[in-house]
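Here is the structure we will look at.
The values are calculated or read from the model by the stated rules, or taken from the named source; none is laboratory data. None of these values were measured; they are calculated from a predicted model. As a convention, Cβ positions derive from the backbone with ideal geometry for all residues, glycine included, and neighbour counts pool all protein chains shown.
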Amino acid sequence: MIPRDLSPDRPVLIAGPTASGKSALALEIAQTQGGVIVNADALQVFENWRILSARPSREDEALAPHALYGHIGFDAPYSVGHWLRDVAPYLTGPHRPIIVGGTGLYFSALTEGLVEIPATPPQLRATADARRIAEGGHAGLLADLDAEDPQTAHKIDRLNPMRVQRAWEVLRATGRGLAAWQADTPPPLLPISSTFPMVMDADRDWLAARIETRFEQMIAGGALAEAEANLPNWDPAHPSSKAIGAPELMAYLHGTCDLAAATEAATIATRQFAKRQRTWFRARMRSYHKISLP
């Protein structure tokens, strides 16, 4: 699957939806041409979800250097800005980086630049969290954005509750819309012209089947035990708690549904997440080399 014109000296970007095989491609490149595999997935940075976040196995990690996997505590905040600071040393290190993941915003921030926006005060974030819970979703926050910051409301992923909440928090905390902040974006750390960028272009039905099979494999491989280990510290507000399948398995452990229902709900949530990823990649990664799947 390695493109014939891929130079062993050029930084590699591999984006793709969940379960599309991008980690396997990164490992193949690292073993064949050398390099360090650097995580660009917002959930694989957390220490507490190896299986459920589909982090590389310990066996795979032993086959090639890996970085930025599981290096953040379960209750720690982590943003795109944090990731950019963490990834910077690997852009000038002794090994060429093979940056792989499913968080499109990480790739755009890396190759297009990211403005530093002041952190959201904890009380404001708690207010936003409480509103989403009380209102049964993010529609209220989105309505506020439509009325007060239509420029941002038009640009963000309106189906992604965390992106909507983030935009709402920025507006409330700074008095300035997220789109206005982004207009002041500094130069990128790694211009895309300096890389070999690839995106996994997966067929919808093929990907859906892989998602269903993979979650069953996660359960067989210990995802339930992993969820049980997280139960004492479980807090839906933690960024690490956004791992796809975590709320569903916690619902099972709390006795509000059976395992079959939790598995089905997690599979559906993963397919919906993959759909949002595919839509984002197709809109924002048109210049990337497409790896058609299957």
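Observations
- Selection within segment 153-182 - out of contact with any His (no Cβ under 7 Å at 6 or more places or on another chain) and either β-branched (Val, Ile, Thr) or within 28 Å of Pro97 (Cα to Cα) (or both): Ile156, Arg163, Val170, Thr174, Gln182
- Complete set of residues in segment 247-268 that are touching a residue at least 24 places away in the same chain (Cβ under 8 Å) and over 15 Å from Glu216 (Cβ atoms): Leu253
- Scan of segment 16-59 for residues that are of a type outside the set (Lys, Arg), out of contact with any strand residue (DSSP E or B) (no Cβ under 8 Å at 6 or more places or on another chain) and not in a loop (DSSP other than H, G, I, E, B), ordered by number: Ala24, Glu28, Gln31, Thr32, Gln33, Glu59
- Filter result for Asp9 (in contact with a Gly (Cβ under 7 Å, 6 or more places away or on another chain) and either modelled with pLDDT under 95 or assigned to a loop (DSSP other than H, G, I, E, B) (or both)): no
- Subset of segment 167-195 [hydroxyl-bearing (Ser, Thr, Tyr), touching a residue at least 12 places away in the same chain (Cβ under 8 Å) and outside any loop (DSSP other than H, G, I, E, B)]: Thr174, Ser194
- Only listed residue being in contact with a Phe, Trp or Tyr (Cβ under 7 Å, 6 or more places away or on another chain) and surrounded by 14 or more Cβ atoms within 10 Å (Cβ to Cβ), chosen from Ile117, Ile51, Ile29, Ile99: Ile117
- Any hit, segment 72-82, residues being of a type in the set (Val, Ile, Thr), modelled with pLDDT under 95 and out of contact with any Pro (no Cβ under 6 Å at 6 or more places or on another chain): yes
- Leu124 meets each of the listed conditions (1) hydrophobic (A, V, I, L, M, F, W, C); (2) in contact (Cβ under 8 Å) with a residue 40 or more places away in the chain; (3) touching a Ser or Thr at 6+ places or on another chain (Cβ under 7 Å) apart from (3).
- Among the residues of segment 68-83, those that are touching a helix residue (DSSP H, G or I) at 6+ places or on another chain (Cβ under 6 Å) and hydrophobic (A, V, I, L, M, F, W, C) comprise Leu68, Phe74, Val80, Trp83.
- When Ala237 is tested against (1) at pLDDT 95 or above; (2) aliphatic (A, V, I, L, M); (3) surrounded by fewer than 17 Cβ atoms within 10 Å (Cβ to Cβ), just one condition goes unmet, and that condition is (1).
- Checking each residue in segment 153-187 for being under 12 Å from Ile117 (Cβ atoms) and of a type in the set (Val, Ile, Thr) picks out Val170, Thr174, Thr185.
Residues checked against (1) within 27 Å of His289 (Cα to Cα); (2) surrounded by fewer than 19 Cβ atoms within 10 Å (Cβ to Cβ); (3) under 20 Å from the mean Cα position of the chain (by Cα):
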site: Asn160; (1), (2), (3): yes, yes, yes
site: Ala167; (1), (2), (3): no, no, yes
site: Leu171; (1), (2), (3): no, no, no
site: Thr174; (1), (2), (3): no, yes, no
site: Gly177; (1), (2), (3): no, no, no
site: Ala180; (1), (2), (3): no, yes, no
site: Pro186; (1), (2), (3): yes, yes, no
site: Pro191; (1), (2), (3): yes, yes, no
site: Ser194; (1), (2), (3): yes, yes, no
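- Summed over segment 196-240, the residues that are outside any loop (DSSP other than H, G, I, E, B), of a type outside the set (S, T, N, Q) and within 20 Å of the chain's Cα centre (by Cα) give a count of 19.
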